[in-house]
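Okay, so here's the structure we're looking at.
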Amino acid sequence: MRPLFSTFAPLVAFASFASAQSAYLPAPGKLDASTLVSYQRARDFYALGDVRFTLPDPLEQHTARADLGYGLAESWALDASFGWSTVHYKESATLAPGLFLLENGKKRRSGLIDTRLGLRHTLVDEFASLSEATPTLTARVGAIIPGTYDTGFINAVGDGAAGVELGLHAAKTFAGTGSAVFGDLTWRGYAENVPDAVEAAVGVSQQVRSAVFTIGLRHLESLDGMDILGPGFTGIGSFSDVKEINTSLELGLSLPLGPVTAGLGFARTLTGENTPVKSVYSLALGASF
C-alpha cells in the first residue's frame, strides 16, 4: 500500500514550478486535486546568452492554477493543469539602446495560462515488486493548448504555442525512513517558431513527524533559438523565439491539515541564458477524493 502523504505532499510543495505530475498515480476512480497561488519577481535578466543585465523595474507575475489527476484503471491516469496569470512590468527605461520592453506602454498583461492535458502509464511499480531496490517508473504523453494571453513581450504570460510533451517520471519511497527521491525528464515540441525544449528535475524529500521537507534542482533548456539582443533578434516580438536556459533550486514544505495537504514552495534561478533571474513563492492546497 502506497503511503499517500509521503508521496503526494512533495508534489503540493513543488506545484508552482512544474505541472505537478509525478510517477505516482491516483488509484482507479480516485481524483488528486491541488490548487495554488504563486508570486514571481525578477530584477535581473540574462541576455546575449549569459550576460546579466539589471532591469529598470522589477518584472512581477501572479498565477492561480489547478492541477488534477484521475485514476482511469490500474497503472493508468489522466491529468490536467489550467489557470490564470497576470504579469506586470512598469518600465522606466530601456534594457538596451533602441529596445523598448513594452508595446504601446501596456504595463499589465493577463490571460489563461497554457492548458496541459496528459495520459500517464506506470511501467514499473515499486510497491508491486519483490525487490526493495525497484523504483516506480511512469511514462507520460501530453498536449499543450496555448492560453489567451498576448505574446512577444517581456511581460507576456508565456510563449503562446501549441505543443506536445513526452516524459518519463521516476520515484522511490524508502519504507520506514520517511525519505523519498523523485525526478523527471520531459521533451516538449512546439508549433510556431518557439524552440523545442527539454526539462529535467531531481529532488529528495524527508518526512519529520507530520511535516515533509523537499529540496530539488530543475533545468530547462531550449534546443535551439537566438540570443536576446543577439543576431536575428529584432525586438520584443522575438522574445518567444529565444534559446532559454534556466537552472533553479526548489525548496518545499508540506503539512497535513485534516483531509487537506498544505504546501509552501520557493524557487530561485541559479544560472541561465536568455531568462529572468527570478524568485518564486507559492502556497498550495491538495486533497484526494
>> Accessible area per residue for the chain in Å², computed with a 1.4 Å probe and the full protein assembly in place, what is it?
In response: 46 Å²
>> Please compute the length gained on full extension between residue 33 and residue 181, using 0.36 nm multiplied by the number of residues separating them and subtracting their Cα-Cα distance.
In response: 51.1 nm
> Calculated FRET efficiency, residue 209 and residue 73, Cβ-Cβ r, R0 41 Å, to nearest 0.05?
Replying inline: 0.70
>> Could you tell me which residue out of 275, 33, 217 lies farthest along the dipole of the chain toward its positive end? Charges go on the beta carbon: Lys and Arg +1, Asp and Glu -1, centred on the Cα centre.
In response: 33
> Can you pick out the pairs among 106/243; 30/243; 90/243; 90/278 whose Cα atoms lie more than 28 Å from each other?
Replying inline: 30/243
> Most fluctuating residue of 83, 29, 158 in a GNM of the chain with Cα springs under 10 Å: which is it?
Replying inline: 29
>> Using each residue's phi in the range 258-265, evaluate 6.51 cos²θ - 1.76 cosθ + 1.60 at θ = phi - 60° and report the 3J(HN,Hα) Karplus result to the nearest Hz, with x for Gly and Pro.
In response: x, x, 10, 9, 9, x, 10, x
> Ignoring ligands and nucleic acids, what accessible area does residue 289 show with a 1.4 Å probe (Å², nearest 10)?
Replying inline: 140 Å²
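Using a 1.4 angstrom probe on the protein heavy atoms only, could you order 213, 182, 239 from most to least accessible area? Mind showing how you got there, number by number?
Details: 213 105, 182 50, 239 25 Å².
Largest accessible area first, the residues go 213, 182, 239.
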> What dipole magnitude, in Debye to the nearest 20, does the chain give about its Cα centre under +1 on Lys/Arg Cβ and -1 on Asp/Glu Cβ?
Replying inline: 840 debye
>> Quick check: pseudo-label points 7 Å beyond the Cα along Cα→Cβ at residue 143 and residue 268, how many nm apart are they?
In response: 4.0 nm
>> Using each residue's phi in the range 196-211, evaluate 6.51 cos²θ - 1.76 cosθ + 1.60 at θ = phi - 60° and report the 3J(HN,Hα) Karplus result to the nearest Hz, with x for Gly and Pro.
In response: 4, 8, 10, 9, 9, 8, 9, x, 10, 9, 9, 8, 10, 6, 9, 9
> In percent, what relative contact order does the range 159-289 have, based on Cα pairs under 8 Å that are 6 or more apart in sequence?
Replying inline: 16 percent
> What is the helix-to-structure angle for 4-13, meaning the angle in degrees between its Cα long axis and the longest Cα principal axis of the chain, kept from 0 to 90 and rounded to the nearest 10?
Replying inline: 10 degrees
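Answer rounded, prolate or oblate for the chain, using the Cα gyration tensor with square roots of eigenvalues a ≥ b ≥ c: rounded when a/c is under 1.5, else prolate when a/b is larger than b/c, else oblate. Could the numbers behind the result be given before it?
On the way: a/c = 2.04, a/b = 1.86, b/c = 1.09.
Prolate shape, in that a/c is at least 1.5 and a/b is the bigger ratio.
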> Counting each DSSP H run of 4 or more residues in the chain as -39500 (n - 2.57), what helix-only mean residue ellipticity at 222 nm follows after dividing by all residues, to the nearest 500 deg cm²/dmol?
Replying inline: -1000 deg cm²/dmol
>> Please list, ordered by chain and number, the residues whose modelled amide H lies under 5 Å from the amide H of residue 273; skip anything fewer than 5 residues away on the same chain.
In response: 245, 246
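The values are calculated or read from the model by the stated rules, or taken from the named source; none is laboratory data. Just so it is clear, the structure is predicted and the values come from calculations on it, not from any experiment. Note that each Cβ is placed from the backbone with ideal geometry, even for glycine, and that neighbours are counted across all protein chains shown. To get the accessible areas, we keep the full protein, side chains included, count just its heavy atoms, and leave off ligands, DNA and RNA. Shrake-Rupley method; radii C 1.70, N 1.55, O 1.52, S 1.80 Å.
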